[in-house]
1. Which members of the range 210-252 meet the condition of being farther than 20 Å from Glu186 by Cα, modelled with pLDDT of 95 or more and of a type in the set (A, V, I, L, M)?
2. Could you grab me the full set of residues in the range 105-159 that are within 13 Å of Ala94 (Cα to Cα) and either of a type in the set (Gly, Ala, Ser) or over 18 Å from the mean Cα position of the chain (by Cα) (or both)?
3. Could you check how many residues of the range 229-255 are closer than 16 Å to His216 by Cβ and open to solvent by 50 Å² or more (accessible area, probe 1.4 Å)?
4. Taking the conditions exactly as written (among the basic types (Lys, Arg), over 21 Å from Cys129 (Cα atoms) and either at pLDDT below 95 or open to solvent by 10 Å² or more (accessible area, probe 1.4 Å) (or both)), does Arg258 satisfy them or not?
5. Of all residues in the range 1-35, count the ones that are at pLDDT below 95 and either open to solvent by 30 Å² or more (accessible area, probe 1.4 Å) or in a strand (DSSP E or B) (or both).
6. Of everything in the range 43-63, what is crowded, with 23+ Cβ neighbours inside 10 Å and either touching a Leu at 6+ places or on another chain (Cβ under 8 Å) or of a type in the set (Val, Ile, Thr) (or both)? Give them in sequence order.
7. Considering only the range 36-65, how many residues are free of Cβ contacts under 8 Å to residues at least 60 places away in the same chain and not in a strand (DSSP E or B)?
Amino acid sequence: MQWNIAGNSFSLLQDPNEPDNEGTMQVVRRLLEVAAGKQPRLISMNESCWLQAKYARQQLANNFGDAQVQFTDTTGFDPLCGADSGSIGESGPALIAVNADGVWDRRNIYFSNDDGSISQEETGRAAACMVVSFASTLGQVVQACSVHLEPQPEELARAQAQALVQEFADSPYPVVLGGDFNTTPEFLQGVYAPEQGGQGEYLDVDHPANRPTDSHNTKIDYIFGDRDHFSPTLSGEVIEPGDCPTFPFFHHPCSDHRMVFGTLTFRDDVPVQPEPGEPPANEDPVPVDTPPFVTAGADISGDEGAAIALRGAADDDHGAPSVSWSYQAASGVDAGGRPARSPTFTRLGPL
């Protein structure tokens, strides 16, 4: 399953047509709702805060028995993504493997914004990758990535996609690439396999439907599998993002992208791939009790005498937490301001 969750989005002036997540878990719960019915083995997320990717992994592990995540920070400090010990305000692509036997070769691949090549420096466009074993259930080990490429110019996204394809050209494992490639199908002909109208090595689960995946009604999100290991008999569907209301009553789409769910089928002649070796210990074990999620919301300013809304949120996996609040005027600001009323804390939805 692939979804650009727009997890670090902020809707200026409460635009009802734009997502407004600010690092909250509502959009993740929408993802979990769909995952509960579809039961995907691999989930690719874009524009995800680390706290959101971590929360998704924890809940998927609770629901399915195990889940492991690879996350790539591409933004530096992101004020909309909150803070966590050891990871402050990080956002980027995330890849989650559900109920796998083990994962290996965790790595982050960064792309140059000059010529699209693989970069040795951390950049704003990247892929979160790992080798995942499903040997006990599917009899295979796969190389998988969550991809997010540069939107402008489209030729750059195409070059970055080609660089990623070349990176795994000699992989001994079946390759699955899911992500926001930020370009339409005609710019990815070198990635598509001949059976689907292109000249490349990869099958797209939603080709030739070309259903739009983003708010501009274009197709830019994909799930690819290499044709050497996967059959052209595949299927895909596009799923609406759903509604994510924000405090206190504004309604927004959960993302400006739609989800893509796809089924890839291994070819009958694909041999069982050898396991890479013993997997490392899970770097992010499922805790018995996850800490509450709390955010004060974005910084707010306004004209003297005008009312402003402070939009905080708090949540916990064991129910709505007990909360209290306080405020303090910034230095140099008229101290005569006062709260017009006590705030109402609204639980954002069931976990």
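The values are calculated or read from the model by the stated rules, or taken from the named source; none is laboratory data. Just so you know, these numbers come straight off a predicted model, no measurement behind them. Because the Cβ atoms are built from the backbone with ideal geometry, glycine has one as well, and the counts that use them run over all protein chains shown. When the accessible area is computed, the model is the full protein with side chains, heavy atoms only, and any ligands, DNA or RNA have been set aside. Shrake-Rupley method; radii C 1.70, N 1.55, O 1.52, S 1.80 Å.
1. Within the range 210-252, just Ile239 meets the criteria.
2. Within the range 105-159, Ala126, Ala127, Ala128, Ala144, Ser146 meet the criteria.
3. 1
4. yes
5. Number satisfying all stated conditions: 9.
6. Listed by number, the residues that qualify are Ile43, Ser44, Met45, Cys49, Ala56, Leu60.
7. 11
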